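Asks: Just dropping this structure here.
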Amino acid sequence: MDLVVIAQLITGIATLLVASVLIYQLRIQHNDSVRDFQFQRETQLLEITNLVLENNEFTDLWIRGGEDYNNLKTDVERYQFNIYLRNYIRLAIFQAEKIPDNSNRAVARFILSGPGRRHVYKSNLKHMVYNRAPNLSKIWDEVYKEFSGEDISNVIPDIIPGTINYKAYEESSGEKIGD
């Protein structure tokens, strides 16, 4: 056998070994990143939940707004409620692709269980779910219908997220929700 052929064989085997080690390392890194994502998700859920649990005033606001959006009497209360709900939904969108549909459905049931939260979802936040996660939007619309009996699958609100624009919504819909 020629010396060049032997050298090429050794180089090829070494390259194959290095590639195998790199593939193994990538698998380890992937598993670590999945585990890290799950930990971050749980941490974020705890943080967002603790805001309600550790602040009695906000707990009261969350309960009142969840029962009926009209229970929120000031722009500040409506803003706090909307932003908190928006952040919760943003977290749900972020994790949606990484968890099974039944878990996404459970999150939707938790959020949409209150009539006030359903109102804000339909009038202000549905487009965020629809635009960022269309498949998730279908699940949420089904859950919305389970609770309210109303099919909103064709409703796409034109309200800008994160703003206090309930007055614009009142004018366009004829529905009174503010002071």
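The values are calculated or read from the model by the stated rules, or taken from the named source; none is laboratory data. Predicted model, so just to flag it, every value in this text is computed and none were measured. Ideal geometry is used to build each Cβ from the backbone, glycine not excepted, and the neighbour counts take in all protein chains shown.
Asks: Could you tell me which numbered condition L72 fails, if it satisfies all but one of (1) under 30 Å from L136 (Cβ atoms); (2) loosely packed, with under 10 Cβ neighbours inside 10 Å; (3) over 22 Å from the mean Cα position of the chain (by Cα)?
Replies: Status for L72: all satisfied but (2).
The rows are residues; the columns are (1) assigned by TED's automatic domain parsing to the domain that holds V155; (2) in contact with a helix residue (DSSP H, G or I) (Cβ under 6 Å, 6 or more places away or on another chain); (3) within 25 Å of V34 (Cα to Cα).
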{"site": "N70", "(1), (2), (3)": "yes, no, no"}
{"site": "Y84", "(1), (2), (3)": "yes, no, no"}
{"site": "R90", "(1), (2), (3)": "yes, no, yes"}
{"site": "A96", "(1), (2), (3)": "yes, yes, yes"}
{"site": "V129", "(1), (2), (3)": "yes, yes, yes"}
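Asks: Out of everything in the stretch 90-103 that is within 10 Å of the chain's Cα centre (by Cα) and more than 15 Å from K126 (Cβ to Cβ), what residue ends up being surrounded by the fewest Cβ atoms within 10 Å (Cβ to Cβ)?
Replies: Ranking the candidates gives E97 first.
Asks: D2 versus (1) surrounded by 10 or more Cβ atoms within 10 Å (Cβ to Cβ); (2) at pLDDT below 90; (3) of a type outside the set (G, A, S): which is the lone unmet condition?
Replies: Of everything listed in (1) surrounded by 10 or more Cβ atoms within 10 Å (Cβ to Cβ); (2) at pLDDT below 90; (3) of a type outside the set (G, A, S), D2 misses just condition (1).
Asks: Return a yes/no flag: does the stretch 117-134 have any residue that is in a loop (DSSP other than H, G, I, E, B), surrounded by 16 or more Cβ atoms within 10 Å (Cβ to Cβ), at pLDDT below 90 and within 12 Å of the chain's Cα centre (by Cα).
Replies: yes
Asks: Which of the residues belonging to the stretch 78-89 are buried (at least 18 other Cβ atoms within 10 Å of the Cβ) and charged (D, E, K, R)?
Replies: Selection gives R78 alone.
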